[in-house]
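The values are calculated or read from the model by the stated rules, or taken from the named source; none is laboratory data. Everything quoted here is computed from the prediction, not taken from an experiment. Backbone-built Cβ (ideal geometry, glycine too); neighbour counts: all protein chains shown.
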């Protein structure tokens with residue numbers, strides 16, 4: 001599973017069946033409205049001239065085959081998330097701040113019974129995924145350092161030096177400081193011990209670990225998936241502009257747009273409960289905001305909240321509405337962590 005859009009995994013030898021490029025790959029182009037594939041070279045020529053290329057089928061704008069902020073991820077990403085629950089032997093997270101959703105929710109969705117290892121220059125607690133708090137998250141382990149160096153150390157410690165050297169023979173050689181050998185011995189042992197404690201090698205054993213209840217005072221409501229850090233002190237996130245979650249019972253993620261009838265990845269106004277399509281379709285939610293000046297809206301694509309007045313993603317204790325819509329997209333069981 002990768003967030004990269006530069007197709008590095010394919011260049012490294014992975015086939016399409018072995019990877020999920022959750023944010024797409026910058027190797028093709030297609031229509032933003034009807035998804036019809038377009039000629040990549042012609043698209044590039046338009047870019048060079050600072051011109052917009054339009055679809056010859058529906059007239060929509062042509063864009064590269066990557067996921068822009070506010071757009072939905074490929075359907076296969078959501079399907080594979082649903083199939084992961086409590087089935088993984090080990091989750092390795094490498095070289096990411098875990099700040100971009102919904103990709104970062106893999107850490108939660110795979111379940112507490114799967115050991116998780118973060119290989120990164122720094123812990124990701126600031127993004128809501130702490131890998132150093134062993135008391136709260138005993139299944140998580142943080143390996144600090146550069147990905148190349150840590151992976152090379154692990155291969156050496158596990159006795160896979162020859163195989164690893166063959167796999168990486170065309171890559172830049174990583175020199176390991178001898179003084180760090182004892183550290184990696186301990187790290188690898190921690191991974192193995194953690195896997196044994198969680199019984200991940202014995203699928204016949206019943207899971208007896210108590211599920212932790214989320215502390216709403218500590219973590220706040222489940223906000224959604226943000227591609228950038230949301231604003232925490234929005235002056236418009238008040239009851240004046242936010243209708244309580246309970247009153248959205250008649251609204252679903254498939255409620256059609258009030259203006260054009262579009263039913264996929266719409267937005268909903270937090271004040272009026274009006275559902276409108278995004279700026280990538282017919283901009284009906286933008287037009288609704290311009291007319292009625294209700295600033296807060298929720299995206300059904302990534303469950304993020306947007307304030308039109310602040311021109312920013314926002315979070316607030318008053319915005320707990322994802323709890324109502326999330327199970328509609330991912331299933332009731334997937335909402336157990338909220």
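Yes or no, residue by residue, for (1) modelled with pLDDT of 95 or more; (2) surrounded by 17 or more Cβ atoms within 10 Å (Cβ to Cβ); (3) in contact with a strand residue (DSSP E or B) (Cβ under 6 Å, 6 or more places away or on another chain):
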site	(1), (2), (3)
206	no, no, no
209	no, no, no
221	no, yes, no
227	no, yes, no
233	no, no, no
282	no, yes, no
297	yes, yes, yes
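Within segment 292-299, is there a residue that is closer than 23 Å to residue 102 by Cα and part of a loop (DSSP other than H, G, I, E, B)?
no
How many residues does segment 71-92 hold that are over 20 Å from residue 24 (Cβ atoms) and buried (at least 18 other Cβ atoms within 10 Å of the Cβ)?
Within segment 71-92, the first condition is being over 20 Å from residue 24 (Cβ atoms), and the residues that meet it are 82-92.
If we keep only those that are buried (at least 18 other Cβ atoms within 10 Å of the Cβ) too, we end up with 91.
Residues flagged as over 20 Å from residue 24 (Cβ atoms) and buried (at least 18 other Cβ atoms within 10 Å of the Cβ) within segment 71-92 amount to 1.
Each row is one residue, and each column tells you yes or no for (1) buried (at least 18 other Cβ atoms within 10 Å of the Cβ); (2) assigned to a loop (DSSP other than H, G, I, E, B).
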position	(1), (2)
14	no, yes
19	no, yes
29	yes, no
34	no, yes
44	no, no
47	no, no
56	no, yes
63	yes, no
69	no, yes
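For segment 89-118, which positions are part of a loop (DSSP other than H, G, I, E, B) and in contact (Cβ under 8 Å) with a residue 40 or more places away in the chain?
Going through segment 89-118, the residues part of a loop (DSSP other than H, G, I, E, B) turn out to be 89-90, 95-102, 110-115.
Within segment 89-118, 89, 90, 95, 96, 99, 100, 101, 102, 112, 113, 114, 115 meet the criteria.
Right, residue 135: modelled with pLDDT of 90 or more and either in the same structural domain as residue 112 (by TED's automatic domain parsing) or touching a helix residue (DSSP H, G or I) at 6+ places or on another chain (Cβ under 8 Å) (or both) or not? Give the steps one after another, and end with the answer.
Numbers: modelled with pLDDT of 90 or more: yes; either in the same structural domain as residue 112 (by TED's automatic domain parsing) or touching a helix residue (DSSP H, G or I) at 6+ places or on another chain (Cβ under 8 Å) (or both): yes.
When the stated conditions are applied, residue 135 passes them.
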